[in-house]
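The values are calculated or read from the model by the stated rules, or taken from the named source; none is laboratory data. The shown structure was predicted, so the numbers you read here are calculated from the model rather than taken from an experiment. Note that we place each Cβ from the backbone using ideal geometry, even for glycine, and neighbour counts take in every protein chain shown. Just the protein is used for accessible areas: all its heavy atoms, side chains included, with ligands, DNA and RNA removed. Shrake-Rupley method; radii C 1.70, N 1.55, O 1.52, S 1.80 Å.
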Amino acid sequence: MYSFDSMVKKLKKNPKTIVFTEGSDPRILEAASKLLASNFLTPILLGDPDEITRVAEEDGDNIRGAVIIDPKNYEKMDDVVNAFCEIRKSKGMTPEQALPIVSQGNYFGTMLVQMGIADCLLGGATYSTADTVRPALQIIKTKPGNSIVSSCFILVRTAATGGNEVVAMGDCAINIHPNEDELVEICHETAECAKVFGVEPKVAFLSFSTNGSAKDPDVTKMRNAAQKAKQAYPDLPIDGELQFDAAVSPVVARTKVPDWKVAGHANTFIFPDINAGNIGYKIAQRFGNFDAYGPILLGLNAPINDLSRGCNASEVYSMAIVTAALA
Ligand SMILES: CC(C)(COP(=O)(O)OP(=O)(O)OC[C@H]1O[C@@H](n2cnc3c(N)ncnc32)[C@H](O)[C@@H]1OP(=O)(O)O)[C@@H](O)C(=O)NCCC(=O)NCCS
């Protein structure tokens, strides 16, 4: 993966700890054993220590050196409960209400990050996206200057000319119906994330219309969002609204919008909503042979990422490195 080696180098200089909320999942344990062998990322595995040890032994995963924490027997649970009540005090959270909530791996793990016990978190091997993301939204919260948490996928494949072809797509996983201003924020965050992966972002706001070829409120939304984003980020190359072919094919772009600069060369794609985005990245992954890394959550105060429930151990390993490198 592009820049993957540089992420590993960065972590070797400055090792991190990462919480895995599903500590007894065989895929997590395989990835954790690989991380432990490499020595730049310490896994904190949440769950029943006996079960974790049994599954690791059965699968031949050496997890010596991993920190195992069972939220149900955590000696400093009072601190976690009190910290959670403080964060949720505007909701009237009491210790009695908090205890069962923070005893769940997704909330407990997020509290470890919030309390500085871990640097970052990777969950979602069995939790749904919503159940992984919700504790982050409630506890870690949106970073100053941002109004939403969003997400992007980084897609990588070997280019026909050799080397890697890397593109970014947002928001394919969090905001279901983003409005114009939220799309501007998604554009900025996705472009910044693309840079981390070595992409010089050229942004296309995607639609079923190119430069007003169709009329619909959804078209207007993407057109206006592209204009607002251009004004907000004058140094970022942005075009829109564009159909996908006009965004990536120089021939189509020359026919439809000959004066536009990004059209035909886009590498950072902003989708009108989660339907389009989620379907779009999966088409690229399944039919276009791209490896998909994400969803990478954007706009949070600390790196928390979500796995696909269909993930394999190698994807867990890669996403753990990506997550920690963002810490
Ligand atoms: C992200 C998501 C889980 C939030 O849903 P939810 O928990 O039902 O949302 P709620 O409205 O109850 O909000 C919960 C909290 O998160 C906050 N929140 C919700 N969406 C947010 C966003 N995009 N950015 C920042 N905060 C957000 C709310 O303000 C609320 O905070 P509070 O409890 O402190 O008041 C929801 O948008 C979702 O399900 N998205 C799609 C996920 C998905 O299935 N993706 C496809 C698979 S990859």
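For the chain, modelled as a GNM whose springs connect Cα atoms under 10 angstrom apart, the maximal fluctuation among ILE154, ILE68, ILE279 occurs at ILE279. Relative to the dominant Cα principal axis of the chain, helix 313-325 is inclined by about 80°.
With contacts defined as alpha carbon pairs under 8 Å and 6 or more residues apart, what's the relative contact order of the range 23-133 in percent?
Once divided by the residue count of the range 23-133, the mean separation gives 22 percent.
The angle between the Cα long axis of helix 180-196 and the longest principal axis of the Cα atoms of the chain comes to about 70 degrees, rounded to the nearest 10. Stretching ALA159 away from ASP48 to a fully extended chain increases their span by 35.5 nm, per 0.36 nm per residue minus the current alpha-carbon distance. Among DSSP beta bridges whose residues both lie in the range 150-291, state the antiparallel percentage, nearest 5. The antiparallel fraction comes to roughly 45 percent.
Solvent-accessible area assigned to carbon and sulfur over the chain amounts to 49 percent, based on a 1.4 Å probe. Sorted largest first, the spans of the alpha carbon positions of the chain along the three principal axes are 65, 49, 31 Å. Sorting 138-148, 308-318 by average packing, meaning the other beta carbons within 10 Å per residue, from highest down gives 308-318, 138-148. Taking every lysine pair in the range 150-291 that is 8 or more places apart or spans two chains, those with Cα atoms closer than 26 Å amount to 24.
Within a straight-line Cα-Cα reach of under 17 Å, LYS16 can be paired with the following aspartates and glutamates, leaving aside sequence neighbours fewer than 8 residues apart in one chain: ASP5, ASP119. Take the Cα of GLN97, step 7 Å toward its Cβ, do the same at VAL67, and the gap between the two points is 2.9 nm.
The angle between the Cα long axis of helix 4-13 and the main principal axis of the chain comes to about 40°, on a 0 to 90 degree scale. What the chain shows is 46 Å² of accessible area per residue, with the surface traced by a 1.4 Å probe over protein heavy atoms.
Take each of the peptides 261-268, 33-40, 100-107, 285-292, average the number of other beta-carbon atoms within 10 Å over its residues, and list them starting from the highest.
261-268, 100-107, 33-40, 285-292
Hey, in the GNM for the chain with a 10 angstrom Cα cutoff, which one of GLU22, GLU241, GLU192 fluctuates hardest? Largest GNM mean-square fluctuation: GLU192. Multiplying the residue separation of ARG254 and VAL196 by 0.36 nm and removing their Cα-Cα distance gives an extension gain of 17.9 nm.
Amide H to amide H distances under 5 Å link ALA173 with SER151, where only residues 5 or more positions off or on other chains count and H is placed in the peptide plane. With the convex hull of the Cα atoms taken as the outline of the range 150-291, the averaged projected area works out to 7.9 nm². Pairs of Cα atoms nearer than 8 Å and 6+ residues apart set the relative contact order; for the range 150-291 it is 31 percent.
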